[in-house]
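Asker: Have a look at the structure that comes next, please.
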Amino acid sequence: MAVSPFTFFRGGTAIMAGDLATTETSGLLVQSCGDAHLTNFGMFAAPDRRLVFDLNDFDETYVASFEWDLKRLAASVAVAARDNGFGEQSQRRIARASALGYQQALAGLARQPFLEIWYTRFDVTPLVKLAETKVTRQQSKMLRRRVAQAQARTSLQALGRFAQPVDGEFRIKPQPPVITPLPADQRDQMAGLVQDALVHCVETLEPSQRVVARHYRVARKVSGVGSVGTDGYTVLLMGHRDDDPLFLQFKEAQKSVLAPYSMPGMHDSEGERVVTGQRIIQAASDPFLGWYVDAGHRPALLRAPAA
């Protein structure tokens, strides 16, 4: 967190939640993201394989005052502008512009039928065309390059990047410190835990997604663990062919930083809280998003790229 002001800002969700709780609000409660900063927006493939632009982090999602997300977003824009060398006056102007954009979008949505609002999503192609009318040629090229990179992110592409064939089967490659192999004495136990978790998580999926998920099997000896504060496991599933991989991530779900400052929790587990919040907020959500509570009563969630 000492790398830069923005790095500190990203890691300071609990600090900012405490600060925001002392500010006045309108009393309007929404399903809040809880961590709506600039870099938690991005491009990803929706279930229909089209690229969309949306929020992509919901670990802190909770029912809370709508102003809290807006204030965190505007603050992140100002801090990012500072990190990129913009002066104080420019920082204020950029933050105000982000808030104004939110206000104008909300005013437009208020004039639409509820069902139309529910189906609203931001496809990348028209957004890129709009952005190109406001940026330099060099920035336009960089934007198109980013879009091409996002379009190339598929499970098959990830197989070549994150796994390697060993003795006729694929195994996840160690990439310390993010992905490190499980200790030998934990592998059998973890294999059973992963299998049990998959069975339970699949039951929390939508019926159509359950049918797809049940066609995949856990590849042998491929579990890895990425440790960045909380437990997280990367698992590779395979279909009936070597070019049919599916990467999944199990992640420990902790209490939202907004919980102490808002209404009591409405879900039996933190994993269910995250999954429910993401499904409510995100226009095109991860089709393999589910939750699970292990034998040690630790809540977790399951997610996979919607590629």
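Asker: So P260 ticks every box in (1) at pLDDT 85 or above; (2) surrounded by 14 or more Cβ atoms within 10 Å (Cβ to Cβ) but one. Which box is left unticked?
Answerer: Against the list (1) at pLDDT 85 or above; (2) surrounded by 14 or more Cβ atoms within 10 Å (Cβ to Cβ), P260 comes up short only on (2).
Asker: Mind telling me which of the residues D35, D48 ends up being among the charged types (D, E, K, R), modelled with pLDDT of 95 or more and out of contact with any strand residue (DSSP E or B) (no Cβ under 7 Å at 6 or more places or on another chain)?
Answerer: The conditions single out D35.
Asker: Against the condition within 25 Å of the chain's Cα centre (by Cα), more than 15 Å from V235 (Cα to Cα) and open to solvent by 70 Å² or more (accessible area, probe 1.4 Å), how does R161 come out, does it pass?
Answerer: In short, no.
Asker: Kindly indicate the residue of segment 11-27 that is touching a residue at least 40 places away in the same chain (Cβ under 8 Å) and in a helix (DSSP H, G or I) and also nearest to A152 (Cα to Cα) among those meeting that condition.
Answerer: T13
Asker: Looking only at residues that are over 12 Å from I172 (Cα atoms), small (G, A, S) and open to solvent by less than 20 Å² (accessible area, probe 1.4 Å) in segment 210-251, which one is modelled with the lowest pLDDT?
Answerer: G232
Asker: Within segment 181-209, count every residue that is open to solvent by 40 Å² or more (accessible area, probe 1.4 Å) and of a type in the set (A, V, I, L, M).
Answerer: 4
Asker: A follow-up question, please. How about segment 6-37: which of its residues are touching a Ser or Thr at 6+ places or on another chain (Cβ under 9 Å) and either among the acidic types (D, E) or more than 23 Å from S262 (Cβ to Cβ) (or both)?
Answerer: Those that are touching a Ser or Thr at 6+ places or on another chain (Cβ under 9 Å) and either among the acidic types (D, E) or more than 23 Å from S262 (Cβ to Cβ) (or both): F6, D35.
Asker: Condition test on V178, is it among the hydrophobic types (A, V, I, L, M, F, W, C), under 24 Å from the mean Cα position of the chain (by Cα), modelled with pLDDT under 85 and open to solvent by 80 Å² or more (accessible area, probe 1.4 Å)?
Answerer: yes
Asker: Could I ask something else about it? Please go through segment 28-53 and pick out each residue that is assigned to a strand (DSSP E or B) and surrounded by fewer than 17 Cβ atoms within 10 Å (Cβ to Cβ).
Answerer: If the condition is that a residue be assigned to a strand (DSSP E or B) and surrounded by fewer than 17 Cβ atoms within 10 Å (Cβ to Cβ), then L29, V30, F41, G42 are the ones that fit.
Asker: So I280 clears everything in (1) open to solvent by less than 40 Å² (accessible area, probe 1.4 Å); (2) farther than 22 Å from G12 by Cα except one condition, right? Which one?
Answerer: (1)
Asker: To continue, here is another question. Considering only residues that are open to solvent by less than 80 Å² (accessible area, probe 1.4 Å), farther than 30 Å from R171 by Cβ and touching a residue at least 40 places away in the same chain (Cβ under 8 Å), which ones fall in segment 120-156?
Answerer: Scanning segment 120-156 gives T120, R121, D123, V124, L127, V147.
Asker: Can you tell me which residues in segment 55-85 are over 23 Å from T22 (Cα atoms) and either open to solvent by 30 Å² or more (accessible area, probe 1.4 Å) or without any contact (Cβ under 8 Å) to a residue 24 or more places away in the chain (or both)?
Answerer: Result: N56, D57, A81, R82, D83, N84, G85.
The values are calculated or read from the model by the stated rules, or taken from the named source; none is laboratory data. Just so you know, these numbers come straight off a predicted model, no measurement behind them. Cβ coordinates were reconstructed from backbone atoms using ideal geometry, including for glycine residues, and neighbour counts include every protein chain displayed. Areas reflect the complete protein model, heavy atoms only, side chains present, ligands, DNA and RNA absent. Shrake-Rupley method; radii C 1.70, N 1.55, O 1.52, S 1.80 Å.
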